[in-house]
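Here is the structure we will look at.
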Amino acid sequence: MKKISVVLIIAMVTFSPIFSNSNTWATALGNASFATDSTWTISSGAITQTWSDVVQTDMCSNKTEFRGADVGTSTLRIDCRSNPTRKGDFFSWQAVYELRDQLCPAPWRVPTKQDFLNLDIALGGNATERWQETVNGYSWEDQLNIWYINRWGGDVGGLCNQHGTVLGVGFWGEYWSQTSASSDFGFSLFFEIAGTINPQNWNLKDHGLRLRCIR
């Protein structure tokens, strides 16, 4: 009986600070930082945007672990197991939304769906989903490589699904906005090397995507 009691006490001490609620999770998170000191300024016509590098947390730096907490019906989760050659950590939409002031401290902020539409227009696009389409004389390869990877500094770093599996590294790039599409989906920016570019994509809120801040 004593052995069982000791095990239960240890389990409570170990897990309750992480999984109890969003306030405890935010305290455990610590400060977020940008993966490098680089920024990208995109300007065209009346649209000028300055973007941070992708975001990672102090808790996740140089670690390979998975942390999560259920908050109501949503998942507040940060996945630290991103490929080390790809910059930044994976965040659930709920984590991005609830911790937005910590992840993107002023004057930075988490982008909205409209920010991604404006970004696509500023880069030369038409703010619509497209697949292997030529836009304003640019092939889809140039739109991906010149606009989104070279000029915006994006990365095809994949995503993390709700089961904690990292998918699409080297093939897909996807970044959260703070705009909700429904109770289950959030808006995102998505592109892939097969030729899809979608500045108004949506994904399941409990999937882990990258984050970049805007100001």
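Read the figures in this text as sums done on the coordinates, not as results from a lab. No experiment lies behind these values; they were computed from the predicted model shown. Using ideal geometry, Cβ is built from the backbone for each residue, glycine included, and neighbour counts are taken over all protein chains shown.
Each peptide in 178-184, 41-47, 87-93 gets a packing score, the mean of other Cβ atoms within 10 Å over its residues, and the list from highest to lowest is 87-93, 178-184, 41-47. The residues neighbouring GLN178, those whose beta-carbon lies less than 15 Å from its own, together hold a net charge of +3 under the Lys/Arg +1, Asp/Glu -1 convention. Legend: calculated FRET efficiency, LEU204 to GLN132, from the Cβ-Cβ distance at R0 = 30 Å, rounded to 0.05, equals 0.75. Counting charges near CYS104 (Lys, Arg +1; Asp, Glu -1) among other residues having Cβ under 11 Å from its Cβ returns a value of +3. Magnitude of the charge dipole for the stretch 129-215, about its Cα centre and with charges confined to Cβ atoms of Lys, Arg (+1) and Asp, Glu (-1), is about 320 debye. A Förster distance of 35 Å, applied to the separation of the beta-carbon atoms of HIS163 and ALA46, puts the FRET efficiency at 0.20.
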